[in-house]
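Asks: Questions regarding the structure given below will be posed in turn.
The values are calculated or read from the model by the stated rules, or taken from the named source; none is laboratory data. Note that the coordinates shown come from a computational prediction; the quantities given were computed from them, not determined experimentally. All Cβ positions, even for glycine, are placed from backbone atoms using ideal geometry, and neighbour counts span all protein chains on display. Calculation scope for accessible area: heavy atoms of the full protein, side chains included, ligands and nucleic acids excluded. Shrake-Rupley method; radii C 1.70, N 1.55, O 1.52, S 1.80 Å.
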Amino acid sequence: LVDIVAAMAANRHSNSYVVTASVDYIDFRNPINVGEIVILKSQVNRVFHTSMEVGVKVFSENALTGEKKHTTTAYVTFVAIDEFTKMPKPVPPLILRSAEEKRRWREAGERRKVRLAMRFKKRKSQD
């Protein structure tokens, strides 16, 4: 469900097909019990050139009491794909309006640095 709702946000922002490039982080905070309603919220945190980081928050809601719990947080990276060539294509920039959006944008850049450093570290160790 996390990948699906994240893909929906990436697709809507880029107005193109998207593919999952990586799941950078997933944190399970609380269990979701049988019978609870699952609520997923996704938002594009940052656009790079052809890729986007999408943040997802998952909540559970007790159908009888209305109590809500934050159950999961995840960060998923998608690449926009051209419909015809199937090659990566540029994504429109993200318009930041609130302090919260600016904070998410900044933190996404920090996560990307770590992700790329880990990717290049793995390649070097395989050589």
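Asks: Quick one, what does Rg over Rh come out to for the stretch 1-58 if you take C-alpha atoms and the Kirkwood Rh?
Replies: Ratio of gyration radius to Kirkwood radius for the stretch 1-58: 1.01.
Asks: Here's a follow-up. Please report, in cubic angstrom per residue, the volume enclosed by the convex hull of the alpha-carbon atoms of the chain.
Replies: Dividing the Cα hull volume of the chain by its residue count gives 137 Å³.
Asks: Each residue of the stretch 65-72 in order: what ³J(HN,Hα) in whole Hz does its phi give by Karplus 6.51 cos²θ - 1.76 cosθ + 1.60, θ = phi - 60°, with x for Gly and Pro?
Replies: Going residue by residue, I get 9, x, 5, 10, 10, 7, 9, 8 Hz, with x marking Gly and Pro.
Asks: Moving on to the next point. Take the alpha-carbon centre of the stretch 34-62, take the same for the stretch 1-15, and report the distance between them in whole Å.
Replies: 9 Å
Asks: If you plug each phi of the stretch 99-109 into the Karplus form 6.51 cos²θ - 1.76 cosθ + 1.60 with θ = phi - 60°, what whole-Hz ³J(HN,Hα) values come out, in order, with x for Gly and Pro?
Replies: Ordered by residue, 3J(HN,Hα) equals 4, 5, 5, 5, 5, 4, 4, 4, 5, 5, x Hz.
Asks: So what are the ³J(HN,Hα) numbers for the stretch 76-81, from phi and the Karplus equation (6.51, -1.76, 1.60; θ = phi - 60°), rounded to whole Hz, Gly and Pro as x?
Replies: Values per residue, Gly and Pro as x: 10, 9, 10, 10, 6, 10 Hz.
Asks: Now a separate question. Using Cα atoms only, what is the angle between the long axis of helix 2-14 and the major principal axis of the chain, expressed in degrees (0 to 90) to the nearest 10?
Replies: 50 degrees
Asks: Of the GluC sites (Glu not before Pro) in the stretch 1-88, which ones lie in a loop per DSSP and count no more than 15 other C-beta atoms within 10 Å?
Replies: Taking the stretch 1-88 and a limit of 15 other Cβ atoms within 10 Å, the loop GluC sites (Glu not before Pro) found are Glu67, Glu83.
Asks: Quick one: length gained pulling Arg106 to Glu67 fully straight, 0.36 nm per residue minus the C-alpha distance?
Replies: My answer for the length gained is 10.9 nm.
Asks: I would also like to ask the following. At 0.36 nm per residue, and after removing the present C-alpha to C-alpha distance, how many nm does the segment from Ala99 to Asn33 gain when stretched out fully?
Replies: 20.4 nm
Asks: Related question: Please check the chain for the longest run free of chymotrypsin sites (Phe, Trp or Tyr not before Pro) that are loop-located per DSSP (anything but H, G, I, E, B) and have at most 16 other Cβ atoms within 10 Å.
Replies: For chymotrypsin sites (Phe, Trp or Tyr not before Pro) (loop position, at most 16 other Cβ atoms within 10 Å), the longest site-free span of the chain is 1-47.
Asks: Using a probe radius of 1.4 Å on heavy atoms only, what accessible surface per residue do you get for the chain? Whole Å² is fine.
Replies: Roughly 67 Å² per residue, with all protein chains present.
Asks: Kirkwood Rh over alpha-carbon pairs of the stretch 64-118, then Stokes-Einstein at 25 °C and 0.890 mPa s: what D in µm² s⁻¹, rounded to an integer?
Replies: The calculation lands on 166 µm²/s.
Asks: Compute the FRET efficiency between Val114 and His49 as 1/(1 + (r/R0)^6), taking r as their Cβ-Cβ distance and R0 = 22 Å, and round to the nearest 0.05.
Replies: According to the calculation, E is roughly 0.75.
Asks: Here's another thing I want to ask about it. Scan the chain and hand back the longest stretch that contains none of the trypsin sites (Lys or Arg not before Pro) lying in DSSP loops with at most 15 other Cβ atoms within 10 Å.
Replies: The segment 30-85 is the longest one with no such site.
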